[in-house]
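Since every read-out is calculated from the coordinates, none of them should be taken as a lab result. Because the structure is a prediction, the values reported are computed rather than measured. Every residue, glycine among them, receives a Cβ derived from its backbone with ideal geometry; neighbour counts consider all protein chains shown.
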Amino acid sequence: MNRKIISIALTGLFLITSWTSTWFEISAVGIYSEGIEREPTITTDYMINNNEESFELIIENSTPLLLYWINRENISPDSNDENISSNSEEIESRKESNYCSESCLDAARIVVKFTMLILFVLVCMCYIRPTRVIKIATISTWVTGAFIILISIPLAIAIDFGITDMGNEENSSSTGGFDTNTKETVEEDQFAHFEEQNDFDFSFNRINFYYESLGFDLGLVDEDDRANVSNQPPIEGDKYYDSLIQFNGEMNIKIGDIMMWWLLIAPLLYVVLFENRKFFEEE
């Protein structure tokens with residue numbers, strides 16, 4: 001009985017430690033691979049916990065990128081012709097499915113908080129009245145919490161960053177979010193014939209997201225010629241072929257101490273739920 005009380009106390013302590021620890025460490029690298037000289041590179045390092053995100057931003061070969069931002073003209077949707085507007089409408093149609101009202105990461109934080117509270121309440125109930133239903137609910141809650149930590153939070157991070165196409169931002173970055181914290185953000189609707197691709201994979205202790213975009217930046221095209229570029233993409237050798245901008249980005253989301261503490265709760269649950277009792281025993 002004393003072991004169970006100690007296990008419940010440690011469960012509460014580990015839940016608090018899990019909540020206050022570092023959740024994820026994120027490294028993101030994006031490269032302008034075509035259209036800008038010397039391939040400017042944007043590197044961002046994030047640290048995420050239960051209430052804030054701290055980040056460090058580094059731009060390598062920044063001078064060509066600064067010149068690109070200075071030389072381009074910001075395109076107002078109202079000033080575009082029907083063809084440019086149709087490109088914007090195509091982009092907007094992808095944003096109609098709103099996955100989060102505001103920040104997906106903030107929503108995930110709320111879910112994690114309630115999952116931890118529910119788990120601790122269920123653990124206490126297992127000590128008071130260890131019925132089969134409560135035991136199954138406790139195990140299910142712990143498994144659900146592990147899924148939220150391993151899958152839902154990284155996905156929320158990627159959506160908020162912009163590297164996936166599931167965000168609900170009014171003006172999505174043409175770089176998948178890599179230029180969001182820089183001096184300028186060039187949006188998708190500033191481009192003609194804009195294409196983007198997203199992908200992801202898993203490794204041992206991280207999730208990797210990949211982003212690639214390609215399009216003709218209308219901010220580099222004279223106003224009188226924008227309709228022509230929108231109607232027909234320039235080919236190599238044409239006047240405005242050099243307005244073609246390609247961007248490649250990769251984000252690595254590495255899990256922090258939150259999962260270690262969550263896993264340490266598992267043996268404590270075993271003590272509380274199963275010690276000296278059969279799994280399906282009812283009282």
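Using amide H atoms built 1.01 Å from N in the peptide plane, name the residues 5+ places from S33, or on other chains, whose amide H lies under 5 Å from its own.
Counting only residues 5 or more places away or on other chains, the set is Q246, F247, N248.
Once fully extended, how much extra length lies between I151 and F114, figured as 0.36 nm per residue of separation less the alpha-carbon to alpha-carbon distance?
Stretched fully, the I151-F114 segment lengthens by 11.6 nm.
What ranking of K254, K135, K113 emerges when the number of other C-beta atoms within 10 Å of each C-beta is taken as an exposure proxy, fewest first?
Sorted ascending by nearby Cβ count, the order is K113, K254, K135.
For R38 and T22 in one chain, what is 0.36 nm times their gap in residues minus the Cα-Cα distance, to one decimal in nm?
2.2 nm
Rg and Dmax of the range 123-253, Cα atoms, in Å?
Using the Cα atoms of the range 123-253, the pair Rg, Dmax is 22.7, 78 Å.
Which of I255, I136, I58 comes first, and how do the rest follow, when ranked by fewest Cβ neighbours within 10 Å?
Placing the least packed residue first, the sequence is I58, I136, I255.
Say each of E212 and N198 gets a label point 7 Å from the Cα, pointing the same way as Cα to Cβ; how far apart are those two points in nm?
Going from the E212 label point to the N198 one covers 1.7 nm.
In Å³ and rounded to a whole number, note down the convex hull volume per residue for the Cα atoms of the range 192-279.
Given the Cα convex hull of the range 192-279, per-residue volume reads 160 Å³.
Can you sort M260, M125 so the residue with the fewest Cβ neighbours within 10 Å comes first?
Fewest-to-most Cβ neighbours within 10 Å comes out as M260, M125.
Given a Förster distance of 25 angstrom, what is the FRET efficiency for I235 paired with D45, based on the Cβ-Cβ distance and rounded to 0.05?
Step by step, r from the Cβ atoms, then E = 0.05.
Please give the length that would be gained between D224 and R3 if that part of the chain were fully extended, namely 0.36 nm times their separation in residues minus their C-alpha to C-alpha distance (nm, one decimal).
Full extension of this stretch gives 71.7 nm more.
I need the P(r) histogram for the range 193-234: all alpha carbon pairs, bin width 5 Å from 0 out to the longest distance, whole percents.
For the range 193-234, the binned pair fractions read 5, 18, 20, 12, 11, 9, 9, 7, 6, 3, 0 percent.
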